[in-house]
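Taken together, the values in this text are just the output of simple stated rules run on the coordinates, not laboratory data. None of these values were measured; they are calculated from a predicted model. For neighbour counting, all protein chains shown are included, and Cβ atoms are generated from backbone atoms with ideal geometry for every residue, glycine included.
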Amino acid sequence: MENPPTGRTAPARLATLLSALARPSADRTPQPAGTFPRWPHHLPYLLAVGAAASLLPTGITVLTHDYGLNPAVAAALAVAQSVPLVLAVSRPLPAWWIIGTADLLTALLLLAADRTTDAVWPWPATSVIGYCLLMVPLSLREPRRTLLAVWLTTVAGSLTMSLVAPADRFGGDNSLLVIALSGAVLVFGGALRERAEARRLLTEQEQISESERGQRTLLEERARIARELHDVVAHHMSVIAVQAASAPYRLTGVPEEAVAEFTAIAGTARESLTEMRRLLGVLRNEGSGAETAPQPGLAQLPQLLETVGRAGVSAELTVHPEAAGPLPAAVELSAYRIVQEALANVVRHAPGARAWVSLALQDGRLLVTVVNAAPTTRSPSLEHAAEGTGHGLTGMRERVRLLDGRLDTGPLPDGGFKVAAALPTDTPGESAA
């Protein structure tokens, strides 16, 4: 079977173009409010009703007095030329068919009246105004192909009626004026519609990009937390492997079954360590090297406060006695990182402000509180700190979620900011606490 030819003749292309006049847009949003969302939804209808109410009596008067048509016929034509403007707000192409047919019928009746007049031909003044008003919602709704077909039909109809009319029966010919005005309105309205559509697509793309950026930040934070917790878990697994492997030598009278069990435990622990190293290699970025430094804990908080002090933020540390004892490594690491991120936010968003760091143990939870006063010089980014747009707050939330804890952040009435986290410790001394 042969493929159909790709080229098409000019009549075929013209037929395809004109066929667009039979396919109105499925969108029913009122125009121009559909193109400009800030416009009130009812405003286009009010404007259309006002235009129809103004053109209706004026059209009857013009057709009756200037062109000598029968008042009843003039009234029917004026209704068909003006009232569909209300329909054009939501369905401009069907309204164009109605108004265009009424304008053509008006021209034919004026031609058949065989009366000499000083009025223009083939478009009465009210028809010119109504037709140009119709082009506004039409250009804001329909695609380029339909607009081009409408304009070509207008050109063909205007020039045909202009050629068939006797030169001495009318005061002037306004066909070229209507062609130019309708074309200008269609071009201008179509440009506005395409510009509004481009802005809408750009806004949607920005929202998608912002969502993807937030998701990427979240995944990066989770990977960083997983890399840091690798050392904590690897330490415990190493202890298990060493204890299991050395148990038969440290303990006397261990049965053979127990020795085999200890050997199996040690082997399983070593396999788990190997798998964890592979997982760490997957989580590490291509450009990051191996992290060999030990992970920090609560014992390193004084050094952290000294570093922050050199950056211009005076911070005080308060550790309640019950929170001074050793805590699980994951809890200490998360608490240190939360304090670190909170103080970093103070340095960035509240330069020169004082900060207070407090650690307490209550009901089996480590309470970490970082409060800063109002900055001495207001930073514009401080107002957005509570919205969670920063990298630090995302990391805090993930660390707290990892430990099944709770995080509260927000501005204070005096202009400062507070970060409060409650981290479950799961220590044997929980009941005593």
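In table form, for the structure just shown:
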read-out	value
Span-like helix ranges in the chain, DSSP H, alpha carbon extent 24 angstrom or more, Kyte mean at least 0.5	43-61, 92-112, 125-141, 144-164
Cut-off 13 Å between beta-carbons: net charge of the residues surrounding Leu109, Lys and Arg +1, Asp and Glu -1	-1
Extreme residue, positive dipole direction of the chain, given options Val239, Gly392, Phe170 (C-beta unit charges)	Phe170
Label corresponding to mean projected area of the Cα convex hull in nm² when calculated from the structure given, among (i) 41.7; (ii) 21.1; (iii) 22.8	(i)
For the chain, calculated [θ]222 nm from helices alone, where every DSSP H run of n ≥ 4 adds -39500 (n - 2.57)	-20000 deg cm²/dmol
Antiparallel content of DSSP bridges confined to the chain, in %, to 5	75 percent
With at most 12 other Cβ atoms within 10 Å, longest stretch of the chain clear of loop GluC sites (Glu not before Pro) (DSSP)	3-285
Gyration tensor verdict on region 30-161 (Cα atoms; rounded if a/c is under 1.5, prolate if a/b is larger than b/c, oblate otherwise)	oblate
Prolate/oblate/rounded label for region 298-430 (Cα gyration tensor, a/c 1.5)	prolate
